[in-house]
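Everything below concerns the one structure shown next.
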Amino acid sequence: MLTDLLFFLLTGATLTLLIWAGAELFRNQEDPLADRLEALQSQAMVVAARAERRKRAGRGLDRFLYLVGLFPGGDDWMRGTERLLHQAGVRRKQALAVYTTW
């Protein structure tokens, strides 16, 4: 009789723990690092949206970049490419123009 009661209690406790562990697996967990990263990226996108347009009266490669910027999505593409070039360590003033012409 006592062993049956003990078996019943242990079985109930085991099933309760299994159900609780399954519920914890599917619960949304807080990730403060991902939240902060998302906030920083959204701020960076807002700052990038305020960037000035290229000047029309440039000479040579600057005029070519202005023409590329006139195409739909051209400015966004150039900003992204310029960011990638900076990350790669290429920081010359005309690096984007040289990259675009190739």
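The values are calculated or read from the model by the stated rules, or taken from the named source; none is laboratory data. None of these values were measured; they are calculated from a predicted model. Positions of Cβ are generated from backbone atoms using ideal geometry, with glycine treated the same way; all protein chains shown enter the neighbour counts. With ligands, DNA and RNA removed, areas are computed over all heavy atoms of the protein, side chains included. Shrake-Rupley method; radii C 1.70, N 1.55, O 1.52, S 1.80 Å.
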Rounded to the nearest 10, the angle in degrees between the Cα long axis of helix 61-70 and the longest principal axis of the Cα atoms of the chain comes to 50 degrees
Estimated 222 nm signal from helices in the chain, with DSSP H stretches of n ≥ 4 weighted -39500 (n - 2.57), rounded to 500: -23500 deg cm²/dmol
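Could you calculate the contour length gain from Leu2 to Val98, that is, 0.36 nm times the residue separation minus the distance between their Cα atoms, to one decimal place in nm?
Contour length minus Cα-Cα distance gives 26.0 nm.
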Computed over the chain: longest principal axis from alpha-carbon atoms vs helix 74-87 long axis, angle to nearest 10 degrees, is 70 degrees
The ³J(HN,Hα) series, computed from each phi in the range 23-34 with the Karplus coefficients 6.51, -1.76 and 1.60 at θ = phi - 60°, rounded to the nearest Hz and given as x for glycine or proline, is 5, 5, 5, 9, 7, 5, 9, 6, 10, x, 5, 5
Counting heavy atoms of the protein chains only and a 1.4 Å probe, report the per residue accessible area for the chain as a whole number of Å². 91 Å²
Based on DSSP loop calls and a cut-off of at most 16 other Cβ atoms within 10 Å, the longest stretch of the chain free of exposed trypsin sites (Lys or Arg not before Pro) is what? 60-90
Heavy-atom accessible area of the chain with neighbours in place, 1.4 angstrom probe: carbon+sulfur share in percent works out to 64 percent
